[in-house]
Amino acid sequence: MFHWQDLGAGGDGFGKVYKITPKNLHGGGGNEVFACKVIRQPRNIEINTERDALLKLSKGRHPNIVDVIDTWIEQEKFASTCYIQMEMCDGDLHEYLQERYVQDHEPLTAAEIWNIFRQIMTGIEYIHSQGMVHRDLKPKNSNSPTSPQ
C-alpha cells in the first residue's frame, strides 16, 4: 500500500504529479519516496508517446534528466491512464526562485544564473540529441539547481 500526496504539479494537460511513500501494514512507512506522474486520456488518444519519450531519455542517465523507475498503463472502458514512477527530486526551480527572491530577498548572482542556465541547456541539448522536444519547459518542470560541477 502507498500514500499518494498531490504535489500540485501538472494538471495542465500533461498529467498530474504525486509524491508516493510506502505504507507498512504493521505501522510506520517505508523510507523510499518517489514521484509518480499520472496521465489520463480518452481511450482513443495515444497515451504511449510521453511514456516512451521519458523511458528513452531516462536510459541515457543524464544528470539533468529525471530517472524513470517504472511505467504502466491501465485501460478502462473510455479512458487510459499512464503511470510514470520517477525519482523524487529535491524541489523545482520555481520553488528555489520563490525562496531566494520572496522569502530571503537575496537575488541570484551572475554565476548562479549562468549555472542554472547551463544545467537547463545541457538537459535540453540532450533531449534534442535524442530527436525530441520538451514541449513544456518552465521553472516548475526544472529541478532545483545544483552546485556547479
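More than 27 Å apart: what percent of Cα pairs in the chain qualify?
Numbers: 3334 of 11026 pairs.
Every Cα pair in the chain considered, those over 27 Å come to 30 percent.
On C-alpha positions alone, give me the angle between the axis of helix 48-59 and the longest principal axis of the chain, in degrees, nearest 10.
50 degrees
Name all residues of the stretch 71-115 having a backbone nitrogen under 17 Å from the label point set 7 Å from the Cα of Arg43 along its Cα→Cβ direction, giving them as ranges.
Within reach of a label on Arg43: 73-82.
GNM, the chain, Cα, under 10 Å: largest mean-square fluctuation among Gly91, Gly131, Gly15?
Gly131
At 7 Å along Cα-to-Cβ for each site, give me the label-to-label distance between Asp70 and Phe2 in nm.
Distance between the two pseudo-spin positions: 0.7 nm.
Send over the Kirkwood Rh of the stretch 91-149, from the inverse of the averaged 1/r over different Cα pairs, rounded to one decimal Å.
Working: mean 1/r = 0.0811 Å⁻¹.
Hydrodynamic radius (Kirkwood, Cα only) of the stretch 91-149 equals 12.3 Å.
Could you tell me the relative contact order of the chain? Use alpha-carbon pairs under 8 Å, at least six residues apart, and round to a whole percent.
Relative CO of the chain lands at 19 percent.
Note the full-extension length gain between Glu87 and Arg135 as 0.36 nm times their separation in residues minus their Cα-Cα distance, in nm to one decimal.
15.2 nm
Only the coordinates and a few stated rules stand behind these numbers; no lab work does. Everything numeric in this text was worked out from a predicted model, so none of it was measured. Cβ atoms come from the backbone with ideal geometry, glycine included; neighbour counts cover every protein chain shown.
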